[in-house]
Structures are given as C-alpha cells and as structure tokens.
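Some notes on the structure that comes next.
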Amino acid sequence: MNTKSYAIVTASYWGFTLTDGALRMLVLLHFHSLGFSPLNLAFLFLLYEFCGVLTNLLGGWVGSRIGLKVTLYTGLALQIIALLMLSMIHPHWAMSLSVSYVMASQALSGIAKDLTKMSSKSAVKLVVNGGEGALFKWVAILTGSKNALKGVGFMLGGVSLTWLGFTHSLWLMAAALGLVLLAALIFLNQDMGKSKKKVKFTQLFSKSREINWLSASRFFLFASRDVWFVVALPVFLKSQLGWSFNQVGSFMAAWVIAYGLVQASAPRLIGHHRPGRSAARWVGLLTLVTVCLAAAIMLDFHPVASIFVGLGLFGIVFAINSAVHSYLILTFTSDDQVALNVGFYYMANAWGRLVGTLLSGLMFIFGGLTACLWTSAVMLLAAFIMTLPLRNTQDSVGSGDAR
C-alpha cells in the first residue's frame, strides 16, 4: 500500500469534512433563527445536492482524463470560495435574495464536496494493495472516519455559531481549509486515476449490471436517511423540544460520530464474505427498524425515548449498510475505470440526498417527524428490492470492467 498517498488523501478529506459538517449546521441553525421555514431551509440545500449530481457524473469523467489529484485540489479550492462567499451575506436582505444567494454559495459547496469525495474514495482503490479484505478495511476506515469527523463538524458549527457568530466562523473555516489545500499541493505527488485509454463521454452511462443495481439501491438508501435527518430532526429538536443551538449541534454530532465509528468497524463486525447478500440483509433490517420507529412515534409511545433509541439503532444499521455499499462499488470496478464508475455511483447517492432533502422539508410541514419516518421506510423497502439482484455476487467481481 502507498501509505504516504493514502495518508495525504485521507487528511485532505478529513479537513474538508470538518468544514462541510460545520457549514451544514451553521447554515441550518443560523437561518432557522432568522425565521426561515422548514421548506425554505430545505431549498437552501437543493442546489448543493443537485450540483453534487452533476459533479459526480462529470467529475468522474474529468478525473479519468486528467487524474484525481487535480479534482481533489479543485474541490478544496471551491469550498474555500464558497465559505468566503457565504460570509458576505447581509441579515437585512430580502428573504428571496437571501435564499437565492445562499443557494448559489451552497451550489459551489456541493461541487466542492463531491469532487473531494469522488477523488478520495476513488484513490483508495488505487493506493491499497493486499486483496479485497484489505480494500474493505481501508475504505471502511476512510468512510467511517470521515463521518465521525463530520459529526465533530456539526458540533463545531453549533459551538462556533454561539461563540464566534456566523461570519467569523466562516472566515476561520476558510483559513483552516486553505492550510489543508497548501499541504496537499506540497506533499501529494502521485498522479492517480488517469485512464490509460481515452474515455468517451458515452461511457458515463454504460455500466455493469452490478453497478446499476447498486447505484439504484444507493439512491433510495440515502434518500431514506436525509428525509428525516437534514431538516426535520434538527428543526424538531429546536422547535418542539426547545433545545439550544449547542444542544442540537452536539446531539447531531454524537449521532454522526457514533455512526462513523460503527462504519469504520464494519469489516470486523460482518466480515466481507458474499457482500451482496450482506447488503440485502442489512437494508432489510434497516427497513424493519424504521417501521418500528415510525409506528412508535405515530402511536405516541414514549416519543422522546423512542426517537433516541430508534435513531441510535437506525444509525448503527445504516452505518453498516453504507460501509458495505462503499466497498461493493470498488469491487465492481476496475482500476482503469474507477473514477468513472465511482462518480456514476455517487451521482445516484447525490440524487437520493437531493430528493430526501426536499421531502424532509415538505413531509415535516405536512405531517411532522412521523411523516418523514414513514417516507423513509417506504424508500428503504425500495432500496431492499434493488439490492436483491446482488445476493449471489462474489467478492471477486471487482476485476470486471464496466460495460
């Protein structure tokens, strides 16, 4: 394994993730305090997710032509620009202008996030040697540590909003990420991910059966999470339970940190034998957990306790699902096509987040957290169905090219 390249890519991803998590919480809590409705809050993140769709699709193609190092640098630089841009917003602007401006800055941040993520996760396939067991281990560590740090970012966002205010928090994050970019420019020398053959644009949509089914399942899996997590849960905690910014940020942070730790431990928890069958089994269990939680809230069965216990179980099972998926996409693609196929796969992920984000605001208005959870359960059932064709997939599928 190329330890130096793995360490630099991972550290860059970590630095970006801290600012991304903090930015999400800053935007959500700051604009909620300014009187934005749940639907307005959802709209703030729509371009973020939509640009993620386009970025993953085109970014994988660009990365396969010019290399992942360039796409990683570009992602970090765009996030710095987005942070500085958002710091210029004025609290006395009209609502429509504020929403449009924040959506534009979030669009840049969405491009930045998915360029960085696609570059980092594709790079793991290229720098890790030692067979599929090693690949599952290191991709789980990268993804799990990233999510744990995103949780830390949530907490930092809530704390910095209270202590430093909105604008100064953004300036501090931009400066910190500038140091991360400078370190990557100096120390990352390996040119990764450039295809040996000229990649045609039409190859973006020409995928193997396994990648198509896995991408479809990923769409519904992440929509099922974001339909309650992005807007509904923090607004519920703030408006209905009366929590402070710090409390909301800390709770969201604890959930995501625990989620990331479970994700990083997934190879030890479930092994890596017959991952396709594991994917179907774990998404089926997640569906059952969500149905039970939605029923408990609907029947008013110890609602606060049900929310905390249910969301804890959801986080554990979802983390294992996500780890298995992140491993499978790398086993289903060849080294020469890794940027192209990972970009396509995370395009489906971004579509799911976009749909989940929009429905999070809409369903919360129509039926509160209960409606969001039932919507999540329906989406998980769809994800389970999409995973069924992968049940007989073997660990060695990864050597095949997309077709």
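The values are calculated or read from the model by the stated rules, or taken from the named source; none is laboratory data. For clarity, every value in this text was computed on a predicted model and none was experimentally measured. Glycine also receives a Cβ, built like all others from the backbone with ideal geometry; neighbour counts cover every protein chain displayed.
Within the bounds of segment 337-356, is there any residue that is aliphatic (A, V, I, L, M) and over 24 Å from residue 211 (Cβ atoms)? Walk me through how you get there before you give the answer.
Going residue by residue through segment 337-356, those that are aliphatic (A, V, I, L, M) are 338-340, 342, 347-348, 350, 354-355.
With the extra rule that they be over 24 Å from residue 211 (Cβ atoms), the set shrinks to none.
No; the residues of segment 337-356 include none that is aliphatic (A, V, I, L, M) and over 24 Å from residue 211 (Cβ atoms).
Any chance you could count how many residues in segment 209-227 are charged (D, E, K, R) and buried (at least 24 other Cβ atoms within 10 Å of the Cβ)? Before the answer, list the steps.
First, the residues of segment 209-227 that are charged (D, E, K, R): 209-210, 218, 225-226.
Next cut, buried (at least 24 other Cβ atoms within 10 Å of the Cβ) only: 218, 225-226.
Of the residues in segment 209-227, 3 are charged (D, E, K, R) and buried (at least 24 other Cβ atoms within 10 Å of the Cβ).
For residues that are within 22 Å of residue 4 (Cβ to Cβ) and in a helix (DSSP H, G or I), scanning just segment 63-72, find the one that is farthest from the chain's Cα centre (by Cα).
So in segment 63-72, the residues within 22 Å of residue 4 (Cβ to Cβ) come out as 63, 66-72.
Those still in the list that are in a helix (DSSP H, G or I) too: 63, 66, 68-72.
Details: 63: 19, 66: 24, 68: 19, 69: 20, 70: 21, 71: 18, 72: 16 Å.
Checking each candidate, the answer is 66.
Collect the residues in segment 99-113 that are within 16 Å of residue 80 (Cβ to Cβ) and of a type in the set (A, V, I, L, M), keeping them in residue-number order.
Step one: filter segment 99-113 for residues within 16 Å of residue 80 (Cβ to Cβ), giving 104-113.
Once the filter is applied, which keeps residues that are within 16 Å of residue 80 (Cβ to Cβ) and of a type in the set (A, V, I, L, M), segment 99-113 yields 104, 107, 108, 111, 112.
In this structure, is residue 119 at pLDDT below 80, closer than 30 Å to residue 87 by Cα and surrounded by 18 or more Cβ atoms within 10 Å (Cβ to Cβ)? Outline the logic, then answer.
Values: at pLDDT below 80: yes; closer than 30 Å to residue 87 by Cα: yes; surrounded by 18 or more Cβ atoms within 10 Å (Cβ to Cβ): yes.
Yes, satisfied.
Residues checked against (1) modelled with pLDDT of 90 or more; (2) hydrophobic (A, V, I, L, M, F, W, C); (3) in a helix (DSSP H, G or I); (4) buried (at least 22 other Cβ atoms within 10 Å of the Cβ):
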site: 342; (1), (2), (3), (4): no, yes, yes, yes
site: 346; (1), (2), (3), (4): no, no, yes, yes
site: 364; (1), (2), (3), (4): no, yes, yes, yes
site: 396; (1), (2), (3), (4): no, no, yes, no
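Please pick out the residue among 39, 26 that is hydrophobic (A, V, I, L, M, F, W, C), at pLDDT below 75, part of a helix (DSSP H, G or I) and under 26 Å from residue 248 (Cα atoms).
Values: 26 fails: at pLDDT below 75.
Being hydrophobic (A, V, I, L, M, F, W, C), at pLDDT below 75, part of a helix (DSSP H, G or I) and under 26 Å from residue 248 (Cα atoms) holds for just one of 39, 26, which is 39.
Can you list residue pairs whose Cβ atoms sit under 8 Å apart, with the first residue in segment 347-361 being in contact (Cβ under 8 Å) with a residue 60 or more places away in the chain and β-branched (Val, Ile, Thr) and the second being buried (at least 24 other Cβ atoms within 10 Å of the Cβ) and not in a helix (DSSP H, G or I)? Count only pairs 6 or more apart in sequence or on different chains.
Close Cβ pairs satisfying both conditions: 357/45; 357/230; 357/231.
Say we look at segment 63-73 and pick out the residues that are of a type outside the set (Lys, Arg) and at pLDDT below 70; which of these is surrounded by the fewest Cβ atoms within 10 Å (Cβ to Cβ)?
Only one residue tops the list, namely 66.
Any residue that is touching a Leu at 6+ places or on another chain (Cβ under 6 Å), of a type in the set (Gly, Ala, Ser) and more than 24 Å from residue 358 (Cα to Cα) - is there at least one of those in segment 270-278? Walk me through it before giving the result.
Within segment 270-278, the first condition is being touching a Leu at 6+ places or on another chain (Cβ under 6 Å), and the residues that meet it are 275-276.
Remaining after also requiring of a type in the set (Gly, Ala, Ser): 276.
Adding the requirement that they be more than 24 Å from residue 358 (Cα to Cα) leaves 276.
Scanning segment 270-278 turns up at least one residue that is touching a Leu at 6+ places or on another chain (Cβ under 6 Å), of a type in the set (Gly, Ala, Ser) and more than 24 Å from residue 358 (Cα to Cα).
Quick grid of which residues meet (1) surrounded by fewer than 17 Cβ atoms within 10 Å (Cβ to Cβ); (2) under 20 Å from residue 142 (Cβ atoms); (3) modelled with pLDDT under 80:
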| residue | (1), (2), (3) |
| --- | --- |
| 294 | no, no, no |
| 301 | yes, no, no |
| 304 | yes, no, no |
| 308 | yes, no, no |
| 329 | no, yes, no |
| 351 | no, no, no |
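Assuming residue 314 fulfils every condition listed in (1) buried (at least 18 other Cβ atoms within 10 Å of the Cβ); (2) at pLDDT below 90 apart from one, which condition is it?
In the conditions (1) buried (at least 18 other Cβ atoms within 10 Å of the Cβ); (2) at pLDDT below 90, residue 314 misses (2) alone.
How many residues are aliphatic (A, V, I, L, M) and within 22 Å of the chain's Cα centre (by Cα) when one looks only at segment 73-104?
Quick first cut of segment 73-104, residues aliphatic (A, V, I, L, M) only: 76-78, 80-86, 88-89, 94-95, 97, 99, 102-104.
Within this subset, residues satisfying the condition of being within 22 Å of the chain's Cα centre (by Cα) are 76-78, 80-83, 86, 102-104.
The number of residues fulfilling the criteria is 11.
Exactly one condition in (1) modelled with pLDDT under 80; (2) under 28 Å from residue 187 (Cα atoms) is not met by residue 95; state its number.
For residue 95, the failing item is (2).
Just one of 135, 185, 204 is modelled with pLDDT of 75 or more and of a type in the set (A, V, I, L, M, F, W, C); which is it? Steps first, answer last, please.
Numbers: 135 fails: modelled with pLDDT of 75 or more; 204 fails: modelled with pLDDT of 75 or more.
It is 185.
Give me the pairs, please: first residue somewhere in segment 154-179 and touching a residue at least 24 places away in the same chain (Cβ under 8 Å), second residue anywhere and surrounded by fewer than 23 Cβ atoms within 10 Å (Cβ to Cβ) and among the hydroxyl-bearing types (Ser, Thr, Tyr), beta-carbon distance under 7 Å, and either six or more positions apart or on two chains.
155/250; 158/250; 167/87; 169/160; 170/87; 171/87
Residues to consider are 18, 108; find the one that is in contact with a Gly (Cβ under 7 Å, 6 or more places away or on another chain), under 28 Å from residue 345 (Cβ atoms) and surrounded by fewer than 24 Cβ atoms within 10 Å (Cβ to Cβ).
Numbers: 108 fails: in contact with a Gly (Cβ under 7 Å, 6 or more places away or on another chain).
So the residue among 18, 108 that is in contact with a Gly (Cβ under 7 Å, 6 or more places away or on another chain), under 28 Å from residue 345 (Cβ atoms) and surrounded by fewer than 24 Cβ atoms within 10 Å (Cβ to Cβ) is 18.
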